[in-house]
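*Asks:* Below: one structure in C-alpha cells.
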Amino acid sequence: MPLELDIYDARRTTTVRRSRNSALLVGLVNNMPDAALESTEAQFSSLLRAAAGAYGVRLCFTSFPELPRRRDAQERIARSYWPIDTLLADRPDALIVTGSEPIAPRLSDEPYWPRMTALLDFAETHTAGSIWSCLAAHAAAEHFSGITRRRLAEKRCGVYLHSLLAGHPFLEGVAAPLAMPHSRWNELPVEELRGAGYEVLSFGPETGADAFVRRGRSLMLLFQGHPEYEDTTLLKEYRRDAGRYLIGQQAHYPTMPHGYLPPAAVALLEQFKERALRDRAPSLIEQFPFAAVAAVLSNSWRPAAVALYGNWLDFIAAKTTRRTEEVSLAGL
C-alpha cells in the first residue's frame with residue numbers, strides 16, 4: 001500500500017489506530033516557518049513515498065500550537081493538520097519532528113520549549129522510533145544530555161561530503177562519501193555527542209555530526225543535515241536571504257552555498273550579488289536568476305536519503321511488529 005496522507009476530520013468517529021491498523025502510522029510535526037510549511041509537507045511526503053517500498057505508511061501532519069502563524073498558515077493547519085494532542089493520543093508508531101526558525105538566543109527560552117520537551121518524552125516512551133531534524137535535534141541533545149548548541153561564525157549552508165560509520169544498519173545501501181545538504185547557524189559539538197553515547201553515523205570536517213543516533217527506551221535518529229531537501233531548496237533559502245539583505249533585514253549579503261552550484265550558476269549569482277551590493281533596492285530581488293540557476297541543479301543526495309529513510313522504516317516496522325506481539329501475548 002503506498003503512502004497516504006491522513007487529513008484530520010473532526011467528524012470522524014474512529015481513530016486512525018482503530019480504523020487504519022494495517023499501515024505504519026507516522027506523525028510529521030511540521031514546525032517550519034509559514035513560507036516553508038507547504039514545501040516541507042511535500043519534501044517529507046515525497047521522501048517517505050520513495051522510501052516506503054512495500055510498507056503502507058499513513059502520514060499525519062501536526063504542528064506546535066504555540067508557534068506564531070499568519071492567517072493563511074493558520075487556515076491551512078486548521079484545514080488539514082491533526083491537533084497534536086489528538087494525534088499523540090492515537091499513539092503513532094513513529095514521529096518526524098522538524099525544527100523552526102529560532103526566535104530566542106537559547107532554545108529553552110523559545111515559546112514552544114515546554115511542548116518540545118513533552119514531545120521528546122512522549123517519543124521516548126510511546127513510539128517505536130523518531131526522527132529529529134536540525135533545531136529539533138539540538139533540542140533533543142539539550143533535553144536528554146545537557147548538550148547545548150553553539151553559534152557558528154557564519155551560516156553553514158551547502159552540500160557537504162561525509163564519512164560513514166561502517167556496518168550500521170541505517171547506512172545499508174548508502175555509499176561514502178555521503179553528500180548531504182546543511183543549512184544552519186548552530187551546531188552540536190561532536191566530541192560531546194560521542195562522550196554522551198550518541199552514535200555518529202556520518203561525519204564531515206566542515207559539518208561535524210551530520211546524522212547520529214540516540215539509543216534509549218526508543219531509538220532517535222537525529223539530523224543536523226537535511227536529507228529531505230529538494231534540488232532547489234538551498235537556492236530558495238539563498239534567494240530568501242538575499243531578499244532580506246536588500247530590504248535591510250540583515251546586514252551582510254548571504255554566503256553562497258558550498259558544494260552545491262555548478263560554475264555557470266556561480267557566475268550568475270555572483271553577477272546578481274555585485275548588482276545588489278551596488279544598488280541595495282528591495283525591488284531588485286525580482287531579477288534574481290532563480291529559473292536559470294534551478295535549471296542546472298541536481299539532487300545528488302536523493303538516493304542516499306531514500307536509503308536512509310527506507311532503513312529507518314524497516315526498523316520501525318520490525319519494532320512495531322514486536323510491540324504488537326508483546327501486547328497480544330500479554331493479553332493471553
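*Asks:* Within region 182-292, considering only strands (runs of 3 or more DSSP E) that don't extend past its boundaries, which have at least 1 residues that are touching a residue at least 12 places away in the same chain (Cβ under 8 Å), within 16 Å of residue 136 (Cβ to Cβ) and in contact with a helix residue (DSSP H, G or I) (Cβ under 8 Å, 6 or more places away or on another chain)?
*Replies:* In region 182-292, the matching strands (runs of 3 or more DSSP E) lie at 208-215, 219-223.
*Asks:* May I pose another question? When you check residue 176 against the structure, is it touching a residue at least 12 places away in the same chain (Cβ under 8 Å) and either more than 19 Å from the chain's Cα centre (by Cα) or buried (at least 20 other Cβ atoms within 10 Å of the Cβ) (or both), yes or no?
*Replies:* Yes.
*Asks:* Further, regarding this structure: Quick check on residue 53: is it at positive phi and either modelled with pLDDT of 95 or more or of a type outside the set (A, V, I, L, M, F, W, C) (or both)?
*Replies:* Here the answer is yes, as residue 53 does meet what is asked.
*Asks:* Since residue 233 meets every condition but one in (1) closer than 13 Å to residue 158 by Cβ; (2) loosely packed, with under 15 Cβ neighbours inside 10 Å, which condition does it not meet?
*Replies:* Every condition holds for residue 233 apart from (2).
*Asks:* Give region 74-98 a look and list any residue that's out of contact with any strand residue (DSSP E or B) (no Cβ under 6 Å at 6 or more places or on another chain) and in a helix (DSSP H, G or I), or say none.
*Replies:* First pass over region 74-98, keeping only residues out of contact with any strand residue (DSSP E or B) (no Cβ under 6 Å at 6 or more places or on another chain): 74-80, 83, 85-86, 88-91.
Scanning region 74-98 gives 74, 75, 76, 77, 78, 79, 80, 85, 86, 88, 89.
*Asks:* While we're on this one: Name the residue that is farthest from residue 74 (Cα to Cα), counting only residues in region 7-37 that are of a type outside the set (A, V, I, L, M) and modelled with pLDDT of 90 or more. Before the answer, list the steps.
*Replies:* Step one: list which residues in region 7-37 are of a type outside the set (A, V, I, L, M), which gives 8-9, 11-15, 17-22, 27, 30-31, 33-34.
Okay, now just the ones that are also modelled with pLDDT of 90 or more, so 27, 30-31, 33-34.
Working: 27: 19, 30: 13, 31: 12, 33: 11, 34: 9 Å.
Restricting to residues being of a type outside the set (A, V, I, L, M) and modelled with pLDDT of 90 or more, the top hit is 27.
*Asks:* Also, quick follow-up: Could you list, ordered by first residue, the pairs with Cβ atoms under 7 Å in which the first is in region 24-41 and touching a residue at least 24 places away in the same chain (Cβ under 8 Å) and the second is in a helix (DSSP H, G or I) and among the basic types (Lys, Arg), at least 6 apart or interchain?
*Replies:* 25/17; 37/76
*Asks:* Within region 134-143, can one find any residue that is in contact (Cβ under 8 Å) with a residue 12 or more places away in the chain, part of a helix (DSSP H, G or I), in contact with a helix residue (DSSP H, G or I) (Cβ under 9 Å, 6 or more places away or on another chain) and under 18 Å from residue 229 (Cα atoms)?
*Replies:* yes
*Asks:* Just checking, which of 164, 235, 219 is closer than 21 Å to residue 47 by Cβ and out of contact with any strand residue (DSSP E or B) (no Cβ under 8 Å at 6 or more places or on another chain)?
*Replies:* 235
*Asks:* For region 46-58, name all the residues that are under 15 Å from the mean Cα position of the chain (by Cα) and under 21 Å from residue 319 (Cβ atoms).
*Replies:* The answer is 47, 48.
The values are calculated or read from the model by the stated rules, or taken from the named source; none is laboratory data. Please read all numbers here as calculations on a predicted model, not as lab measurements. Heads up, the Cβs are rebuilt from the backbone with ideal geometry, glycines too, and the neighbour counts pull from every protein chain shown.
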